[in-house]
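**Q** One structure is given below, represented as structure tokens, and several questions about it will come after.
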Amino acid sequence: MGIDRVSSGTIPLIHSKLKLDLASRRTAPHFFLWLGAAAATIATFTQTPDVYREVVGHILDNPQVFLYAYIAVLLISYIIYFASGSVWLAAGASSIFVFIMCLVNKMKVFLRGDPFMPSDIILGGEVFNIAAASSIRIGAGSIIIIIMIVICCAALGFFVRFRREGAAARLIGGALSVSLAVASYFAIYTNDSIYASIPVRNNAYNMVNEYNSKGFIVAFLHHTKNLNFGALRPEGYSIERAQEILAKYGEGDVGGADISPPFLPDVIFLMSEAFWDITCIPTLVFDGEGGIGDPIPVFHRLTQTSITGEFYADVYGGGTDTTEYGVLTGHSVANFNNDIASAFKFLVRRDTDSIVRTFAANGYSSVAMHPGYPWFYNRQNVYPWLGFDEFVDISAFDEDADKSGNYISDFAMTEKLIDIYEERTGVGGAGGVGGAGGTGAPFFCFAVSIQNHGPYDAGHMYGEIPKNYLTTPEITLSIKGDYAVSNYIKGLRDADESLGRLTDYLDAVERPAVLVFFGDHLPGLGSNFSAYKELGYPIGYDGGLNEKSNIFRGRYIIWANGAARAVWPEYDEIKSKQRGLSAGYLGIYTMECIGLELGAYEKMVSQLRGELPIYHTLFYSADAYDGAELSEGAPDAGAQSGELLSEMLAEYKIAQYYKIFDDKYESEEVVK
């Protein structure tokens, strides 16, 4: 007992002797806050996903990069200090907060090739779920820095005694700190001229370069202003002006296919996860040697007999819902900017107009299908808001039996799609082969597969698989590069075989059916396009226009079964013309091809497609043929376009903003 008393009394005695008493020095807390903010700012720059030597050189040439980041960290520290009254807590919490934000940015750049944007926050835990599934892990250096921050702040709290500010001083100091933070936000961080004064190293169109050059903290804070979509309101916008534009386009007919009367085929959109023709990489060889043949023979065959053209998505390696959004609504994110992390979560918050409702107005029943979790991208709410009758998600599948790799297989989804098709249309058939034409209403389905979702370089997704590609002699892939390519090709083959199963089934059905097939984006083969670059494929934001456009270029097909071709004489004529287009055109273009009556907004989009078929944030083209010449940048109204196109673009932006934010859609009435 005596020993225990001595020991328990000795610890605080030793602690008091070791503790540095700075309570009499009023400037001591501020010295450590300023010092801690400086150390934290330096630590954040160690997480820049770039060559450290170039980062340091850029900061030395542009010291304001460090200064602006330092001011932000210091103000955060002071707000926490006056709120808590604790120096160690203020220094530690602010340091760990900004460091983890920078670390998340670095991991997202390595995973997706784009930085951590303010709009990513709305995805919440989904961002971290994706990162957890990645092969990218926190480096030892980053972990050491976090540990050092914790140790230093703990030591500060344990061994140093600071003056304790009174309640009045803390209240005044807190109010002053918040006021300075708000003033700095508007005067520095959202100030376009100050932001533009920091030069961007390398390609200025690359968001990663922008973040690396201006510093994550400064760039992130600057882009928070884009969370206010009122700031994205186009020039000349008013509700009355938007309604005038739509009224104008509501008169007369739309150009293009003249199908009278429309034959109302069943229409299935199949957006295949990351589907892309990898055989266009010249250094990959699929010549049949060793059994290694064409990985997508069905798709290649169908391109010869279908309406087809190049398809330009707005995203790379992820952001599936942005492609869905464009196809289903006719809207283009090029009218805004690339700060939108999730089109579904940001731009669809209530009942809204879409091609789903146009199909419904023409007597179609509708189903959305995605064998993933319904909460992802908020599909469980978005699909009903877009007008779908039913949403089939992962709960309709056997998660064990129906899996291939990490997700529900394309084979399982195809069989489920066929089951739903037969249920909705009344088509019967033995052994899964279509037969009678059925008597149900025409059927519209938008299906999104998931099997071939990345990451592809995290080991053997499908277990041990036979060699499924060869390369030209000069190419040697890294281990991760080999994983990425072989896993992706395995999933690609499965998607192609499933495509063959679906088209064979539909061709045997005696009622007209049309299948629209495309990929949502290119696969993210390694961090920062690493596997592509190992294969010598020209792709990346730092390259020329060809490299940039290759990031987004895929192909779509609009295929018709025998029953549809028999009553669609215009099919061959339409098929004879290659129609390259951007994602926002595909849904409306399909309806136009089959002769559905379009609403005013859809007519406007269709006419714009005739003048500007490729409309992207980074490039555009007035030509629709394969390999069309592209121009860099976006054709802002009145800038690099003719008078007619300038007017059409201006009207498109106004009408789109109205449709998204101000159109009061009534569920019981299709408002066009």
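The values are calculated or read from the model by the stated rules, or taken from the named source; none is laboratory data. Only a predicted model underlies this, so the values are computations on that prediction, with no experimental measurement involved. Positions of Cβ are backbone-derived with ideal geometry, glycine not excepted, and every protein chain shown enters the neighbour counts. Just the protein is used for accessible areas: all its heavy atoms, side chains included, with ligands, DNA and RNA removed. Shrake-Rupley method; radii C 1.70, N 1.55, O 1.52, S 1.80 Å.
**Q** Quick check on my filter: what residues within the range 608-625 are within 20 Å of Ile660 (Cβ to Cβ) and outside any loop (DSSP other than H, G, I, E, B)?
**A** Leu608, Arg609, Tyr615
**Q** Next question, about the same structure. So, Gly587, is that one small (Gly, Ala, Ser) and outside any loop (DSSP other than H, G, I, E, B) or not?
**A** Details: small (Gly, Ala, Ser): yes; outside any loop (DSSP other than H, G, I, E, B): yes.
Considered against the rule, which asks whether it is small (Gly, Ala, Ser) and outside any loop (DSSP other than H, G, I, E, B), Gly587 comes out as yes.
**Q** Check whether at least one residue in the range 525-543 is aromatic (Phe, Trp, Tyr) and surrounded by fewer than 20 Cβ atoms within 10 Å (Cβ to Cβ), and report yes or no. Reasoning before the result, please.
**A** Narrowing the range 525-543 to residues aromatic (Phe, Trp, Tyr): 529, 532, 537, 541.
Now restrict to residues that are surrounded by fewer than 20 Cβ atoms within 10 Å (Cβ to Cβ): 537.
The answer is yes, given that some residue of the range 525-543 is aromatic (Phe, Trp, Tyr) and surrounded by fewer than 20 Cβ atoms within 10 Å (Cβ to Cβ).
**Q** For the structure I just gave you, tell me whether Leu264 is modelled with pLDDT of 90 or more and either in contact with a His (Cβ under 6 Å, 6 or more places away or on another chain) or part of a loop (DSSP other than H, G, I, E, B) (or both). Walk me through how you get there before you give the answer.
**A** Working: modelled with pLDDT of 90 or more: yes; either in contact with a His (Cβ under 6 Å, 6 or more places away or on another chain) or part of a loop (DSSP other than H, G, I, E, B) (or both): yes.
So Leu264 fits the description; yes.
**Q** Here's another thing I want to ask about it. Report whether or not Ile76 is closer than 29 Å to Lys345 by Cβ and at pLDDT 90 or above. Before the answer, list the steps.
**A** Details: closer than 29 Å to Lys345 by Cβ: yes; at pLDDT 90 or above: yes.
When the stated conditions are applied, Ile76 passes them.
**Q** Being surrounded by fewer than 18 Cβ atoms within 10 Å (Cβ to Cβ), at pLDDT below 85 and in a loop (DSSP other than H, G, I, E, B) is the requirement here; does Ala639 meet it?
**A** Details: surrounded by fewer than 18 Cβ atoms within 10 Å (Cβ to Cβ): yes; at pLDDT below 85: yes; in a loop (DSSP other than H, G, I, E, B): yes.
When the stated conditions are applied, Ala639 passes them.
**Q** Let me ask another. For Ser94, indicate whether it is in contact with a helix residue (DSSP H, G or I) (Cβ under 9 Å, 6 or more places away or on another chain) and open to solvent by less than 10 Å² (accessible area, probe 1.4 Å).
**A** On the way: in contact with a helix residue (DSSP H, G or I) (Cβ under 9 Å, 6 or more places away or on another chain): yes; open to solvent by less than 10 Å² (accessible area, probe 1.4 Å): yes.
When the stated conditions are applied, Ser94 passes them.
**Q** Is there a residue in the range 364-373 that is under 18 Å from Glu273 (Cα atoms) and either free of Cβ contacts under 8 Å to residues at least 40 places away in the same chain or of a type in the set (S, T, N, Q) (or both)?
**A** yes
**Q** In addition: Does Asp287 satisfy being at pLDDT below 95, farther than 30 Å from Thr358 by Cβ and surrounded by fewer than 16 Cβ atoms within 10 Å (Cβ to Cβ)?
**A** On the way: at pLDDT below 95: yes; farther than 30 Å from Thr358 by Cβ: yes; surrounded by fewer than 16 Cβ atoms within 10 Å (Cβ to Cβ): yes.
Here the answer is yes, as Asp287 does meet what is asked.
**Q** Can you tell me which residue is surrounded by the most Cβ atoms within 10 Å (Cβ to Cβ) among those in the range 383-423 that are among the aromatic types (Phe, Trp, Tyr) and modelled with pLDDT of 95 or more? Give the steps one after another, and end with the answer.
**A** Applying the first criterion (among the aromatic types (Phe, Trp, Tyr)) to the range 383-423 yields 383, 385, 388, 391, 397, 407, 411, 421.
Narrowing further to those that are modelled with pLDDT of 95 or more: 383, 388, 391, 411, 421.
Values: Tyr383: 28, Phe388: 25, Phe391: 19, Phe411: 16, Tyr421: 24.
Result: Tyr383.
**Q** Given Ala566, Ala622, which one is open to solvent by 10 Å² or more (accessible area, probe 1.4 Å), among the small types (Gly, Ala, Ser) and at pLDDT 90 or above?
**A** One residue alone meets the criteria, Ala566.
**Q** How many residues are polar (S, T, N, Q) and under 21 Å from the mean Cα position of the chain (by Cα) if we restrict to the range 644-663?
**A** Narrowing the range 644-663 to residues polar (S, T, N, Q): 646, 656.
Now restrict to residues that are under 21 Å from the mean Cα position of the chain (by Cα): 656.
Here the count works out to 1.
**Q** Scan Phe66, Phe45, Phe99, Phe31 and give me the residue that is under 30 Å from Asn202 (Cα atoms) and either open to solvent by 40 Å² or more (accessible area, probe 1.4 Å) or hydroxyl-bearing (Ser, Thr, Tyr) (or both).
**A** Values: Phe45 fails: either open to solvent by 40 Å² or more (accessible area, probe 1.4 Å) or hydroxyl-bearing (Ser, Thr, Tyr) (or both); Phe99 fails: either open to solvent by 40 Å² or more (accessible area, probe 1.4 Å) or hydroxyl-bearing (Ser, Thr, Tyr) (or both); Phe31 fails: under 30 Å from Asn202 (Cα atoms).
Criteria check complete, one pass: Phe66.
**Q** Among the aromatic types (Phe, Trp, Tyr) and surrounded by fewer than 24 Cβ atoms within 10 Å (Cβ to Cβ): does that describe Tyr377? It would help to see each step written out before you state the result.
**A** Numbers: among the aromatic types (Phe, Trp, Tyr): yes; surrounded by fewer than 24 Cβ atoms within 10 Å (Cβ to Cβ): no.
Against the criterion (among the aromatic types (Phe, Trp, Tyr) and surrounded by fewer than 24 Cβ atoms within 10 Å (Cβ to Cβ)), Tyr377 does not qualify.
**Q** Turning to a different aspect of this structure: Are there helices (runs of 4 or more DSSP H) fully within the range 138-212 with at least 3 residues that are among the β-branched types (Val, Ile, Thr), on the phi < 0 side of the Ramachandran plot and modelled with pLDDT of 90 or more? List them.
**A** On the way: elements: 140-159, 167-184, 192-197.
Output list reads 140-159, 167-184.
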